[in-house]
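Asks: Handing you this structure, nothing more for now.
Read the figures in this text as sums done on the coordinates, not as results from a lab. Please read all numbers here as calculations on a predicted model, not as lab measurements.
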């Protein structure tokens, strides 16, 4: 409770959304290449620390089942 975090999603490319979804569904593009790191939920603090440095991480996945 001492340090609260807010996660706010954003949709910056609303006109391209349908086109990108079609490309993803067809397999035309592979989104997995953007994910540079995977963390279990138990290591979320380390994930956020790494995410602060754009030279080290592009997209980080948090596995809430691990």
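Asks: For the Cα atoms of the chain, what angle does the longest principal axis make with the long axis of helix 17-26, in degrees from 0 to 90, nearest 10?
Replies: Once rounded, one gets 80 degrees.
Asks: Per DSSP H run of n ≥ 4, the term is -39500 (n - 2.57); total these for the chain, divide by its residue number, and report the mean residue ellipticity at 222 nm rounded to 500 deg cm²/dmol.
Replies: Mean residue ellipticity at 222 nm (helix-derived): -7500 deg cm²/dmol.
Asks: Tell me the relative contact order for the chain as a rounded percent, counting alpha carbon contacts under 8 Å between residues six or more apart. The partial results should precede the final answer.
Replies: Working: 46 pairs, mean separation 19.2, N = 66.
Across the chain, relative contact order equals 29 percent.
Asks: Please work out which option in [x] -0.31, -0.82, -0.99, -1.17; [y] -0.24, -0.68, -0.88, -1.16; [z] -0.38, -0.97, -1.11, -1.17 gives log10 I(q)/I(0) by the Debye sum over Cα atoms at q = 0.11, 0.19, 0.22, 0.26 Å⁻¹ calculated from these coordinates, and answer with its label.
Replies: Answer label, from the structure shown: [z].
Asks: Sticking with this one: Quick check: the distance between the Cα centres of the range 7-26 and the range 32-62, to the nearest angstrom?
Replies: Comparing the Cα centres of the range 7-26 and the range 32-62, I get a distance of 21 Å.
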